[in-house]
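Report on the structure given below.
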Amino acid sequence: MPLRRLALAAAALATPALLAAGPAAGAAPIPLPEQRAADHLVVTISHSGDLEGTFHLYCHPVNGSTHPRAADACKQLDSQTTWGKDPFAAVPKDRICPMIYGGPQQAHVTGRWAGRPVDAQFNRTNGCETARWDKFSILFGEPKARAMG
């Protein structure tokens, strides 16, 4: 066991020197632990009255996004991302929800977020689903009120 500790200590001491030296010619730089690969989501929104269609959202960096409020949507998603919790999780099947119809809006989100695959459906069919939708108000846009009649 002492040999393993010695090897780990030597590797830890050598790593800053190797990073400072820069990458070898033709080699890709080693990503630092605090960097994460770009998050990419494909968001399809229908019946919303505000945002309609399919948008690509890239975060970390935002470059290449087709979402009209990409930077704000990324900030909103970042604020809801907590280690070990899925910000896109569905409403639990056993949850008791107010039967208040929020509108015909629907969204489908696929891709990768925080290193995890995403495949989530959203709607506003009851109070729980509407609250879940509202957490993503920038990503999905604000639903337009529909005239009752």
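Within the stretch 76-127, which residues are part of a helix (DSSP H, G or I), touching a residue at least 12 places away in the same chain (Cβ under 8 Å) and surrounded by fewer than 18 Cβ atoms within 10 Å (Cβ to Cβ)?
Initially, the stretch 76-127 is screened for residues part of a helix (DSSP H, G or I), giving 76-80, 127.
Narrowing further to those that are touching a residue at least 12 places away in the same chain (Cβ under 8 Å): 76-78, 80, 127.
Passing the criteria: GLN76, ASP78, GLN80, GLY127.
Which ones in the stretch 39-68 are within 13 Å of the chain's Cα centre (by Cα), closer than 18 Å to ASN123 by Cβ and buried (at least 17 other Cβ atoms within 10 Å of the Cβ)?
LEU41, VAL43 - these are the residues of the stretch 39-68 that are within 13 Å of the chain's Cα centre (by Cα), closer than 18 Å to ASN123 by Cβ and buried (at least 17 other Cβ atoms within 10 Å of the Cβ).
Laboratory data are not the source of any read-out in this text; all were calculated from the coordinates shown. What you are looking at is a predicted structure, and each value in this text was computed from that prediction instead of being measured. Cβ: placed from backbone, ideal geometry, glycine included. Neighbour counts: every protein chain shown.
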